[in-house]
1. I'm checking my understanding of the structure. Among residues of region 121-164 that are modelled with pLDDT under 95 and in contact with a helix residue (DSSP H, G or I) (Cβ under 8 Å, 6 or more places away or on another chain), which one is surrounded by the fewest Cβ atoms within 10 Å (Cβ to Cβ)?
2. Can you name every residue in region 104-120 that is more than 18 Å from residue 138 (Cα to Cα) and loosely packed, with under 14 Cβ neighbours inside 10 Å?
3. Considering only residues of region 81-103 that are in a loop (DSSP other than H, G, I, E, B) and exposed (fewer than 13 other Cβ atoms within 10 Å of the Cβ), which is modelled with the lowest pLDDT?
4. Just name the residue that is farthest from residue 137 (Cα to Cα) out of those in region 37-72 that are part of a loop (DSSP other than H, G, I, E, B) and in contact with a helix residue (DSSP H, G or I) (Cβ under 7 Å, 6 or more places away or on another chain).
5. Exactly one of (1) in contact with a strand residue (DSSP E or B) (Cβ under 6 Å, 6 or more places away or on another chain); (2) over 20 Å from residue 15 (Cβ atoms) is unmet by residue 70. Its number?
6. Residue 28 passes all but one of (1) surrounded by fewer than 13 Cβ atoms within 10 Å (Cβ to Cβ); (2) free of Cβ contacts under 8 Å to residues at least 12 places away in the same chain; (3) closer than 20 Å to residue 114 by Cα; which number fails?
7. Take residue 51 and decide whether it is over 16 Å from the mean Cα position of the chain (by Cα) and surrounded by fewer than 13 Cβ atoms within 10 Å (Cβ to Cβ).
8. Name the residues in region 31-48 that are surrounded by fewer than 19 Cβ atoms within 10 Å (Cβ to Cβ) and over 30 Å from residue 101 (Cβ atoms), would you?
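The values are calculated or read from the model by the stated rules, or taken from the named source; none is laboratory data. The model shown is predicted, which means the values in this text are computed figures rather than measured ones. Cβ placement follows ideal geometry from the backbone for every residue including glycine, while neighbour counts extend to all protein chains displayed.
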């Protein structure tokens with residue numbers, strides 16, 4: 001059985017709606033697949049995700065993370081066609097390090113804090129990135145385990161863990 005899944009850091013609901021709209025515009029304009037905005041904390045492992053549920057339940061005691069945007073970039077297709085790059089952040093790095101320590105036995109993963117807005121081949125097309133209004137910082141409020149097969153249209157969240165502060 002194929003259990004290929006990834007660990008995503010998901011924006012808060014308010015931020016998610018804005019970036020879903022941007023993704024949808026590029027999806028329509030370039031006939032690219034639609035997907036939910038996220039930062040991949042660890043990508044595409046092929047074990048039963050249920051074996052990690054207890055670990056991620058503990059992760060959910062984390063506080064929400066605010067990441068400062070550095071700007072938009074166009075990169076390698078298809079996974080970084082158009083993306084937001086984030087300023088390094090100690091809280092994000094600590095969270096990703098904990099996840100990496102848990103999952104690195106299954107595969108190596110090179111983390112790069114970015115959130116894609118388009119997956120596909122832009123070819124000679126240059127999107128009007130100056131027209132995209134980015135927030136100065138984006139609030140991320142959950143970690144999700146997401147089924148991520150090769151077909152992006154089939155991606156779906158398996159289980160989401162909303163952050164809740166352990167210092168209430």
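1. Here the residue is 125.
2. Across region 104-120, the qualifying residues are 104, 105, 106, 107, 108, 110.
3. Within region 81-103, the match that is modelled with the lowest pLDDT is 88.
4. Within region 37-72, the match that is farthest from residue 137 (Cα to Cα) is 62.
5. Unmet condition: (2).
6. Condition not satisfied by residue 28: (3).
7. yes
8. 31, 33, 34
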